[in-house]
Amino acid sequence: MKSILLAVCLAGALVAPAMAAGDDPFKAPVTDDADYKTGRAAIDSKDWKRAIAAMENASRKYRDEAAVYNWLGYAYRNTGDLDRAFRNYNFALRLDPKHLGAHEYIGEAYLMRKDVANAEKHLKTLESLCGKKCEEYQDLEKAIVAFKAKGS
């Protein structure tokens with residue numbers, strides 16, 4: 001009996017860290033979520049208010065999903081609400097420090113604040129994560145070059 005109890009305890013000890021990290025094997029992927037799909041469609045059609053509402057709903061179900069917070073930041077940035085955009089981008093990056101989209105988009109948000117130095121920090125991070133050929137690096141680099149050319 002003691003060996004069975006020990007085996008159960010050991011199995012629990014192995015599963016608990018994964019569950020604590022937010023890995024729920026029974027939870028559907030965020031990309032299957034109706035609110036996430038609605039939010040992505042609203043972003044594609046530039047309906048920022050609907051995108052924010054849908055992604056806020058998705059964020060309540062997927063609290064550990066960086067993609068949700070990245071898209072929420074993107075929608076807020078496109079409404080001009082940079083404080084909420086930064087809050088969501090930073091949360092996405094805390095959840096996933098290697099999230100390419102969040103690095104690109106927060107860099108673009110820094111340009112909106114005329115903060116080239118921080119935009120360039122995220123460009124360097126992108127270079128270290130995916131090189132100069134990845135789309136996120138190239139898009140942020142183009143934005144920085146255009147910003148500097150305008151003399152803003």
Please list 3J(HN,Hα) in residue order for the stretch 65-74, calculated via the Karplus relation 6.51 cos²θ - 1.76 cosθ + 1.60 where θ = phi - 60°; whole Hz, with x for glycine and proline. 10, 4, 4, 4, 6, 5, 5, 5, x, 4
Please compute the Cα-Cα pair-distance distribution of the stretch 47-95 with 5 Å bins starting at 0, giving whole percents from short to long. 5, 29, 34, 24, 8, 0
By average Cβ neighbour count within 10 Å, what is the ranking of 145-151, 128-134 from highest down? 128-134, 145-151
Leaving ligands, DNA and RNA out of it, work out the accessible area of D32 with a 1.4 Å probe and give it in Å² to the nearest 10. 90 Å²
Please tell me which of these pairs span more than 21 angstrom C-alpha to C-alpha: K98/K124; K98/K133; K46/K98; K98/K148; K124/K148? K46/K98; K98/K148
Difference of contour (0.36 nm per residue) and Cα-Cα distance, N78 to A28: 15.1 nm
In vacuo Debye sum over C-alpha of the stretch 74-152, base-10 log of normalised intensity I(q)/I(0) at q = 0.15, 0.16, 0.22, 0.27 Å⁻¹, listed in q order, is -0.46, -0.52, -0.97, -1.33
Here, R87 and V116, labelled 7 Å along Cα→Cβ, have an inter-label distance in nm of 3.1 nm
Taking 7 Å along the Cα-to-C-beta vector as the label spot, tell me the K61-A146 distance in nanometres, rounded to one decimal. 3.4 nm
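Quick one, can you get me the convex hull of the C-alpha atoms of the stretch 67-115 expressed as volume per residue in Å³?
Values: hull volume 2.7 nm³, N = 49.
So the per-residue Cα hull volume is 56 Å³.
The values are calculated or read from the model by the stated rules, or taken from the named source; none is laboratory data. Computed from a prediction, not measured in an experiment: that's the story for all the values here. Positions of Cβ are backbone-derived with ideal geometry, glycine not excepted, and every protein chain shown enters the neighbour counts. Side chains are part of the model used for accessible areas, which takes the heavy atoms of the whole protein and leaves out ligands, DNA and RNA. Shrake-Rupley method; radii C 1.70, N 1.55, O 1.52, S 1.80 Å.
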